Structure formats: structure tokens, C-alpha cells
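In what follows, a single structure is set out as C-alpha cells and then discussed.
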Amino acid sequence: MAFLCKEQVAQFRRDGYLIVEDLFDPAEDLDPVIEEYKMVLDKLADELYAKGEISSTYAELPFGQRLIEIYKESGKVNAQYFDFSLPQANVQPDTPYWAGPAVFRMLRNEKLLDAVESIIGPEIYSNPVQHVRLKPPEHLCPINEKGQVQLGKTPVHQDNGVVTTEADETEMLTVWFPLWDATLENGCLCVWPGSHRLGLLDHCPSDIGLKIPGKFVPGKALSLPMKQGSALFMTKLTMHASHSNNSENIRWSFDLRYNPIGQPTGRGAFPGFVARSRQNPESELHDPAVWDQLWTDARDNLANRDMGKFNRWDAENPVCA
Ligand SMILES: O=C(O)CCC(=O)C(=O)O
Ligand SMILES: [Fe+2]
């Protein structure tokens with residue numbers, strides 16, 4: 001069991017974030033996910049090699065170096081290939097994603113859900129706003145058509161800002177954790193303690209994602225290097241960002257969201273599921289194959305359709321000038 005104590009919950013409510021060290025046992029909880037992603041990378045390497053986009057599958061390299069070589073040689077960051085979510089536009093019938101059994105079990109991890117229950121209560125919905133982030137070192141990362149690193153630092157934002165207005169009253173909790181150590185050098189997160197009390201701030205579209213204009217950003221951020229096994233909990237209004245990856249290896253993390261069952265997720269076109277329900281345990285989803293199928297169905301529904309807007313922000317807003 002990994003329920004939070006009263007002091008931890010109070011700290012979360014006061015500061016807008018909380019780090020729980022050693023929430024996970026790396027061997028028991030994280031290794032199965034790492035092993036599954038090795039297999040996904042194998043698959044990607046085989047496909048790119050078959051298409052002639054890379055000259056070797058780099059099978060002899062360790063995971064991080066192998067990913068970097070493949071991205072470098074193919075000139076593409078194949079982030080979507082690994083993600084357990086879909087893009088916010090241009091979904092195709094064959095858009096890749098990975099919603100495998102080890103990932104599903106991670107989303108339902110009992111220690112994680114105990115900690116989540118301590119904050120939002122025992123009726124827990126897995127919100128589909130979720131990602132794996134495999135960020136290459138910026139100096140080795142392919143550049144996009146705008147001249148930017150394809151998967152670089154994350155600008156300052158609040159997670160409430162990346163969902164639709166529907167979820168404004170939802171008690172959405174963000175859980176971020178590294179698959180291996182996140183350091184200042186490899187691009188750990190930073191937060192603005194207490195910023196959740198400012199309410200939702202204006203966000204502006206930018207080449208690297210939605211961001212809060214600098215003039216609204218209050219004072220200094222606190223950087224949060226984290227060890228493998230630790231998890232960070234944030235409110236939907238906590239301002240946060242990530243540093244650049246200036247190391248020689250990838251920065252690897254999961255970010256998940258949960259909300260009380262019945263509240264809108266803010267991304268209704270994507271599928272969530274009941275992760276824990278004390279009231280109605282039979283509504284819980286336990287079958288990883290069903291979860292994968294939910295994503296396939298969502299992809300089929302969205303393919304080649306206008307997906308509508310995924311957020312409320314407009315670059316014409318005067319504060320964005
Ligand atoms: O991992 C990152 O760089 C950004 C994560 C983030 O914004 C989140 O988890 O909400
Ligand atoms: Fe975020």
C-alpha cells in the first residue's frame with residue numbers, strides 16, 4: 001500500500017505539487033515497461049530498415065543510444081510510434097501508437113492508484129491526456145521544418161490549459177515520473193510552487209507548444225531532479241515546464257492524468273477507463289487488450305475527420321503579441 005499521509009496531502013494542496021520518492025520499486029514496477037518499449041523499438045527499427053530509411057537496425061546498442069541513432073539517421077523523431085495517445089490533428093487509419101499490456105499495467109499500478117486515491121478519492125478514472133516522452137539530447141535531435149529541435153524542452157504551461165473548457169471543473173491530477181533518473185542536465189521538470197492559486201492563465205500557441213507568456217510567469221521556478229522510482233503529483237493549475245536535454249542520453253518519462261469518475265476529461269474524443277472504483281468494482285477495466293482496442297476504435301473514428309479544437313487558445317489574443 002502506498003497511501004499518502006496527511007502531511008503529504010497538505011503539502012500537495014499548499015504547494016500545488018508533491019514528489020513521492022521511492023513510490024515505485026524500479027525492478028518490479030518499471031522494468032516491465034522498459035522491456036516492453038525495447039520490443040517496440042525493435043519493431044520500429046525493423047520497419048524503418050525494411051523501408052530503407054536506416055542502414056542498420058542498431059540492434060547491438062543499448063536502448064537510449066539505439067533510439068538516438070535511429071532518429072538521427074532517419075532524420076525523424078518517431079515519437080508517435082511509442083505514445084499511448086493519438087495526435088491532436090490528422091489522425092490516419094494507420095497512425096502508430098503503443099498501448100501495450102505493460103503500459104496498461106503501469107496506468108493501473110496499485111501503488112500509483114493508492115497515492116492518487118489519497119488526493120482525488122477512491123473513484124478513479126484514467127484520463128486519456130497521457131504521454132510517454134522519449135526526449136533525445138538536443139544537440140543530436142533532428143530539426144523540424146521551422147528549424148526547431150523536434151522534441152525539445154516543454155514551455156511553461158498549466159495542464160488545464162491543454163484541455164478543452166469542458167474539463168475546467170474537473171479535478172484532474174497529473175502524475176509525472178521518469179523511467180530512469182531525470183536530472184538537470186537531461187531535462188527534468190521544474191514547477192512554480194504555489195502557482196496553482198493564480199487560477200488559469202492565458203496560454204499562447206507557439207512553435208514548441210502552448211505557453212504562458214513570460215510577463216505572467218511569477219518569479220523563479222524550482223527544478224525537480226528525480227530518481228527512478230519517484231513520482232511527481234501536480235494540480236491542473238500548477239505551472240510547470242521542462243529543461244532542455246543537454247546530456248548524451250534520452251530523457252524518458254510518463255505523464256498520466258486521473259480524475260474522479262464521471263467528470264469530463266477535456267479530451268472526449270480519446271478513451272479513458274475506470275482504473276479503480278470502490279463503489280462499483282465491476283466497472284474497472286482489467287484487460288489490456290480491451291484498452292488497446294479502445295484506442296484503435298478512437299483512431300478509426302477520428303481518421304480523416306476534422307477533429308475539432310483540442311484547446312481554447314488563439315494566437316490572435318493581444319497578450320500573445
Ligand atoms: O515531460 C515534459 O517535458 C513535460 C511534461 C508535462 O508537461 C506534463 O507532464 O504535464
Ligand atoms: Fe504539462
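The values are calculated or read from the model by the stated rules, or taken from the named source; none is laboratory data. Please read all numbers here as calculations on a predicted model, not as lab measurements. No Cβ is skipped: glycine too gets one built from the backbone with ideal geometry, and neighbour counts run over all protein chains shown. Note: areas computed on protein heavy atoms with side chains; ligands, DNA, RNA excluded. Shrake-Rupley method; radii C 1.70, N 1.55, O 1.52, S 1.80 Å.
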Name the single residue, out of those in the range 96-140 being in a loop (DSSP other than H, G, I, E, B) and open to solvent by less than 10 Å² (accessible area, probe 1.4 Å), that is farthest from Asp83 (Cα to Cα). Pro137
Any residue in the range 179-194 that is of a type in the set (Val, Ile, Thr), open to solvent by 30 Å² or more (accessible area, probe 1.4 Å) and either near ligand 1 (Cβ under 10 Å from one of its atoms) or in contact with an Asp or Glu (Cβ under 6 Å, 6 or more places away or on another chain) (or both)? no
Considering only the range 55-70, I want to know if a residue exists there that is under 22 Å from Arg108 (Cβ atoms), part of a helix (DSSP H, G or I) and open to solvent by less than 40 Å² (accessible area, probe 1.4 Å). no
Filter the range 197-224 down to residues that are more than 19 Å from Val163 (Cα to Cα) and charged (D, E, K, R) and give me whichever is least open to solvent (accessible area, probe 1.4 Å). Lys215
Just to be sure before I move on: is Asp287 of a type in the set (Asp, Glu) and in contact with a Pro (Cβ under 9 Å, 6 or more places away or on another chain) in the structure I sent? no
Read through the list (1) touching a Lys or Arg at 6+ places or on another chain (Cβ under 6 Å); (2) more than 10 Å from ligand 1 (Cβ to nearest atom); (3) not small (Gly, Ala, Ser), then give the number of the only condition that Thr174 fails. (2)
Somewhere in the range 191-213, is a residue within 22 Å of Leu30 (Cα to Cα), away from ligand 2 (no atom under 12 Å from the Cβ) and not in a strand (DSSP E or B)? no
The number of residues in the range 157-178 that are within 13 Å of ligand 2 (Cβ to nearest atom) and outside any strand (DSSP E or B) is 7
When you go through Ser223, Ser244 one by one, which is the residue that is under 30 Å from Leu61 (Cα atoms) and either at pLDDT 95 or above or not in a loop (DSSP other than H, G, I, E, B) (or both)? Ser244
Note on the range 216-254: residues basic (Lys, Arg) and in contact (Cβ under 8 Å) with a residue 40 or more places away in the chain are Lys227, Lys236, Arg251
Kindly provide the set of residues from the range 131-156 that are within 15 Å of ligand 2 (Cβ to nearest atom) and either touching a Phe, Trp or Tyr at 6+ places or on another chain (Cβ under 9 Å) or more than 16 Å from Leu210 (Cβ to Cβ) (or both), ordered by number. His131, Val132, Arg133, Lys135, Leu151, Val156
Identify, please: which residue in the range 36-54 is closer than 16 Å to Arg133 by Cα and not hydrophobic (A, V, I, L, M, F, W, C) and is, among those, most open to solvent (accessible area, probe 1.4 Å)? Lys38
